[in-house]
1. Please report how far the C-alpha centroid of region 116-142 lies from that of region 1-73, rounded to the nearest whole angstrom.
2. Please compute the length gained on full extension between Asp99 and Lys136, using 0.36 nm multiplied by the number of residues separating them and subtracting their Cα-Cα distance.
3. How far apart, in nm, are two points set 7 Å out from the Cα along the Cα-to-Cβ line at Ala170 and at Glu153?
4. Note down the nm distance, to one decimal, between modelled labels 7 Å out along Cα→Cβ at Glu11 and at Asp127.
5. Please go through the residue pairs Lys23/Lys97; Lys102/Lys136; Lys12/Lys102; Lys31/Lys97; Lys102/Lys132 and name each one whose alpha carbons sit more than 18 Å apart in this structure.
6. Could you give me the percent of Cα pairs per 5 Å distance bin for region 38-78, shortest bin first, beginning at zero and ending with the bin that holds the maximum distance?
7. Please give the length that would be gained between His146 and Arg110 if that part of the chain were fully extended, namely 0.36 nm times their separation in residues minus their C-alpha to C-alpha distance (nm, one decimal).
8. In whole Hz, what ³J(HN,Hα) sequence does region 31-38 give by Karplus (6.51, -1.76, 1.60; θ = phi - 60°), x for Gly and Pro?
Amino acid sequence: MPMLQYQFDLEKFVAALAYLIKKCGPMTKLKIAKLLYLLDRRHFNLHGRPVLGDRYIRMDLGPAPSLSVNLLNELEEEGKFKISPKCEGKTISRFFKADATKKYPPISLREEPSYEVLSESEIEALDWLAAKYGDKEASALVDITHGHSTWRETEPMQEIDYRLFPKGDADAVQGIAELASIQQQEISELGKALSLGFFARGA
């Protein structure tokens, strides 16, 4: 069975990160990475889809959102984002800054983005996340994620299957991973059918 994968949403990354920083204050890259993983896990387990759609890798310090971490690395190393694509016509350095004077640079808000890209259920997940984990140290979040099946049942440096997200989560909706798999298969089959129809008409 193919691994469940999603398209990373850059605008939701910007909005979710800004929302968390506004709620929890400036945070290090490690703490942000843990919170973003917990966000996608929470929303997937309740609604059958993640918020960011990142690709999660099993690292020593727990599951890591690889695309988000790449963006955070750019910010931490350069003091600003120097990447494409652009968000709202400007690079996303418009919204965040890192304090390069610190050994572990805290990332803070430069300017708030629009939160309109976030759905009601995504805002609810962010509020839950901030209330439950927002005041915890990064090291405590690492310990928590080490207890998850996503980390324990994935080989080091390998991508984590979203089907592992609900395992061991008492709040997860029963059968949500199977439902997500069916939905993704239906979307894939629809895409293939539309593609075949397009080429048939073109012929």
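We did not get these values from a lab; they are worked out from the coordinates using the rules stated. Worth saying up front: this structure is predicted, and the values here are computed from it rather than measured. Positions of Cβ are generated from backbone atoms using ideal geometry, with glycine treated the same way; all protein chains shown enter the neighbour counts.
1. Region 116-142 and region 1-73 have Cα centres spaced 10 Å from each other.
2. So the chain would gain 11.3 nm between Asp99 and Lys136.
3. For Ala170 paired with Glu153, the spin-label model returns 1.9 nm.
4. That separation, rounded to one decimal, is 2.3 nm.
5. With Cα atoms farther than 18 Å apart: Lys102/Lys136; Lys12/Lys102; Lys102/Lys132.
6. Percent of Cα pairs in each bin: 6, 22, 24, 23, 15, 6, 2, 1.
7. On the way: separation 36, 0.36 × 36 = 12.96 nm, distance 3.23 nm.
Stretched fully, the His146-Arg110 segment lengthens by 9.7 nm.
8. Going residue by residue, I get 5, 4, 4, 5, 5, 5, 4, 5 Hz, with x marking Gly and Pro.
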